[in-house]
Amino acid sequence: STASLGLLRSMVLSRIKNLSLELSDQDCYSLSEKFINDANEISGDIVLRAAKRGRNASELMGIVLSRYIIQSELGMNRYFGWYFLDDYADWLGQREQHIADILVLSPEMTNDGNLRLAVVISEAKYIDAANLLLKRKESQKQLRDTLGRIGNALFGDPKRLDRDLWLSRFSDLILNGIQFPAYATINLATWRHAVRDGECEIYLRGYSHIFISGPTDDPECSDFTKVAGLEDSYQEVFSRAKLRELVLSYWKNIDPLQVRQKIAGENVWKEKSYRKPTERFKNILNQTDVSKRIEENLSGIESAKLITTQTISKPKFDEINVPMDSQTPRGEGHGVLSSYWPYSSIKKLIIEYKGVWEDSAADADAEWMKQIESQCKGALQQFQLQAKLMSSTLTPNAALLKFQGSTNLTIEQVIKRRSEFLTTHRLNVISVRAEPGVVAISIARPHRRVLQLLELWKKWNPDCLNGNSDLLIGLKEEDGNLLFLSPKKNAPHTLIAGSTGSGKSVLMQNIILAIACTNTSSQSQIVLIDPKHGVDYFAFEKLPHLQGGIIDNQQDAILTLNRLIDEMDTRYTILKQNKVANIFDLNNKKNVTKYLPFLWVIHDEFAEWMMIDEYREAVTNIVSRLGIKARAAGIFLVFAAQRPDAHVMPMQLRANLGNRLILKVDSEGTSEIALGEKGAERLLGKGHLAAKREGEDNITIAQVPFINSDELENIVLQISSERI
């Protein structure tokens, strides 16, 4: 925005001076800057609106004072996430004028290791006394509408269908909105799982804060009341005199508890009631009801693509032994010596592949590494930063240098000098990441190494006996191990993003081939949706795993996605009949009524159709309903787009796509939406990948292997001719 802050500073300053705080002009000016800076920490939109319209300066001051009260109450030494609820109006399905102002999330761990989350909703009004009665009522209603909806979802009885949705939202907001310093001993994966699964105790409280700024002869009207119809929610009214005391406390950074106690007459803030959310809602339909619903939905639609639950038998495979030495890169849990591949022709291709693992120009690269180590240490020393090199590794894309971390070498210090690294020292810093006691700096190679698909598959030992859902998608840069996407170990659903030239299509091809080559068509099925008329996927049309061909019509896509709900219900009925918790246990159990195939729903370029309201609403609702339940049923979603901005990817959709496979994107903003932080805009393209997989602590940088069109067609031909 080009809006000037001059008007805003003037309006805030004038309101401060109207309070007659007996501060110097310089102190009043500093206090106005403090208000503006603190508002920016909640949401830049608050400051932007106030900068455009001076009357919003009162709203800004009220929200900041409410934030100060809540932060002091919970404890200044805690971690906080502040969220301006106007930014999330779509979540609540209400207009901005009808919802509260801010949501506060503050996680903590008790001395005995229990995880707890404080959730506070606040609605603030900074007004004249003449509007007191109207604004008190209005503020209570806004708080009641917002807090009531969240409280009923989390703790309501009977159990609510949107409980898991809200827990998923809180989980994502903790990750995206709370800034943890590099030294913090926080396991975000543990936190996210605890919140999503309802295992984290939650403390929920609401406040309506009314701040009366005038007139100067305003009588004492401070008040403290409970908000009717809400548990643990209060309205605090600060008269002009009490507001003056509160603002002075804010200026001096002291606890406002004394001011609040004068109004309330007691300390009601000591006790905090933490409790676990209501148990998950369970909805199991019997087989007759499911069949009836499917028949009703399919009647009259001749062109529909059918998704069917098939009865399958366990396949038999020939076991082959693949020699592996100690130098062979291995993925997590994939270090077994025996490998099962369902297609003998694919097995033969892998065994006969003669690709070389080592770099062809090893001597030149070794010399370059020594030069980069020296240059980087020299640059750090010139910046007066500690430069103790712990280790160095040559990856396909970069030199990975690990320096000992200290107060004199932090992530922030290196990132701040990224431009100087490039312009002064000719070092292109791709990423700077924190590890325990280490600052890891990646510097781009001048000549990148191209990884071939079969080269990596030669190191892969999948167990395909009962179907495989762990997909090899790349090579980790940090340690040379294989990178896997697993809907069992990670989240069941995945977002892929990347701009033109990033390698998004190659990654999608890798995923489809990994599914097809490690599963028979009775073990895994693929639903492929592509608004671009399938131009990138013609080679896959002969795959026996592909259900209904490539879907390139919008209405067919909606019908297909809608049937996923019925398919999920059908599968849950089968799980119940066989007394198992999920598809993995079902397919490993003997003498079951049915074995179920994994169902992979791959939707490329979904952003194109998400611009249409009908499609956007349908997809968002379907993905929200599938949510976590789809994992147990063996239904896994993979959504891909060039630029998944906030308009085409609403928070409900974002919250349910837990795995993020992000290639090079066009801007920091897109990186923050897709990956949850900056950095993807600095990737090198052509398969250079930043992977954030649910259940993993850190983002993994990796390289996606390449496969040319001839090899791709040959692999598909081998599978289709050896149909099992």
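Key figures
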| read-out | value |
| --- | --- |
| Pick from region 430-446, criterion over 18 Å from G480 (Cα atoms) and touching a residue at least 40 places away in the same chain (Cβ under 8 Å), ranking: least open to solvent (accessible area, probe 1.4 Å) | V438 |
| Yes/no for F706 being open to solvent by 10 Å² or more (accessible area, probe 1.4 Å), in contact with a helix residue (DSSP H, G or I) (Cβ under 8 Å, 6 or more places away or on another chain) and of a type outside the set (A, V, I, L, M) | yes |
| Condition check for L422: among the hydrophobic types (A, V, I, L, M, F, W, C), open to solvent by 30 Å² or more (accessible area, probe 1.4 Å) and modelled with pLDDT of 90 or more | yes |
| Residue match in region 477-485 (condition: surrounded by fewer than 17 Cβ atoms within 10 Å (Cβ to Cβ) and over 16 Å from G687 (Cα atoms)) | yes |
| Of all residues making up region 662-703, the number that are surrounded by fewer than 18 Cβ atoms within 10 Å (Cβ to Cβ) and of a type in the set (G, A, S) | 4 |
| Matching residues, region 616-637, being within 23 Å of H533 (Cα to Cα) and either crowded, with 20+ Cβ neighbours inside 10 Å or β-branched (V, I, T) (or both) | V619, T620, I622, V623, F636, L637 |
| Residue check for F538: touching a Leu at 6+ places or on another chain (Cβ under 7 Å) and surrounded by fewer than 24 Cβ atoms within 10 Å (Cβ to Cβ) | no |
| Filter result (touching a Ser or Thr at 6+ places or on another chain (Cβ under 6 Å) and among the hydrophobic types (A, V, I, L, M, F, W, C)) within region 456-479 | C464 |
| Of all residues in region 274-284 being at pLDDT 85 or above and assigned to a loop (DSSP other than H, G, I, E, B), the one that is surrounded by the most Cβ atoms within 10 Å (Cβ to Cβ) | P277 |
| Region 498-513 residues that are under 18 Å from N468 (Cβ atoms), paired with ones that are open to solvent by 20 Å² or more (accessible area, probe 1.4 Å) and assigned to a loop (DSSP other than H, G, I, E, B) (beta carbon under 6 Å, 6 or more apart) | none |
| Residues (at pLDDT 80 or above and either open to solvent by 10 Å² or more (accessible area, probe 1.4 Å) or among the charged types (D, E, K, R) (or both)) located in region 88-106 | D101 |
| Members of region 650-664 that are touching a helix residue (DSSP H, G or I) at 6+ places or on another chain (Cβ under 7 Å) and assigned to a loop (DSSP other than H, G, I, E, B) | P650, L663, K664 |
| Residue tally, condition part of a strand (DSSP E or B), touching a residue at least 60 places away in the same chain (Cβ under 8 Å) and more than 13 Å from W609 (Cα to Cα), over region 527-550 | 5 |
| Members of region 17-64 found to be more than 30 Å from the chain's Cα centre (by Cα), closer than 22 Å to S139 by Cα and of a type in the set (D, E, K, R), listed by number | R53, R55, E59 |
| Matching residues in region 222-246 - criterion: being open to solvent by 30 Å² or more (accessible area, probe 1.4 Å) and small (G, A, S) | S222, A228, G229, A241 |
| Those helices (runs of 4 or more DSSP H) lying entirely in region 555-638 with at least 1 residues under 22 Å from the mean Cα position of the chain (by Cα) and over 15 Å from T494 (Cβ atoms) | 606-610, 613-626, 629-633 |
| Scan of region 582-633 for residues that are among the β-branched types (V, I, T) and in contact with a Pro (Cβ under 6 Å, 6 or more places away or on another chain), ordered by number | T620 |
| Qualifying residue in region 671-694 (condition: over 12 Å from the mean Cα position of the chain (by Cα) and among the hydroxyl-bearing types (S, T, Y)) | no |
| Members of region 502-522 that are more than 21 Å from L483 (Cβ to Cβ) and open to solvent by 10 Å² or more (accessible area, probe 1.4 Å) | S521, S522 |
| Verdict on S66 being open to solvent by less than 20 Å² (accessible area, probe 1.4 Å), part of a helix (DSSP H, G or I) and small (G, A, S) | yes |
| Cβ pairs under 8 Å, 6+ apart, first in region 73-84 and assigned to a strand (DSSP E or B), second open to solvent by 20 Å² or more (accessible area, probe 1.4 Å) and of a type in the set (G, A, S) | G81/G177; W82/G177; Y83/G177 |
| Helices (runs of 4 or more DSSP H) lying entirely in region 171-268 (those with 1 or more residues that are in contact (Cβ under 8 Å) with a residue 40 or more places away in the chain and within 23 Å of the chain's Cα centre (by Cα)) | 188-196 |
| Some residue of region 649-659 being among the charged types (D, E, K, R), surrounded by 18 or more Cβ atoms within 10 Å (Cβ to Cβ) and within 11 Å of L495 (Cα to Cα) | yes |
| Residue within region 319-326 that is modelled with pLDDT under 85, touching a helix residue (DSSP H, G or I) at 6+ places or on another chain (Cβ under 7 Å) and either surrounded by 15 or more Cβ atoms within 10 Å (Cβ to Cβ) or on the phi < 0 side of the Ramachandran plot (or both) present | yes |
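The values are calculated or read from the model by the stated rules, or taken from the named source; none is laboratory data. Given the structure is predicted, the values throughout are model-derived calculations rather than measurements. Cβ coordinates were reconstructed from backbone atoms using ideal geometry, including for glycine residues, and neighbour counts include every protein chain displayed. Ligands, DNA and RNA are stripped out before the accessible areas are found, and what is left, the full protein with its side chains, is counted by its heavy atoms. Shrake-Rupley method; radii C 1.70, N 1.55, O 1.52, S 1.80 Å.
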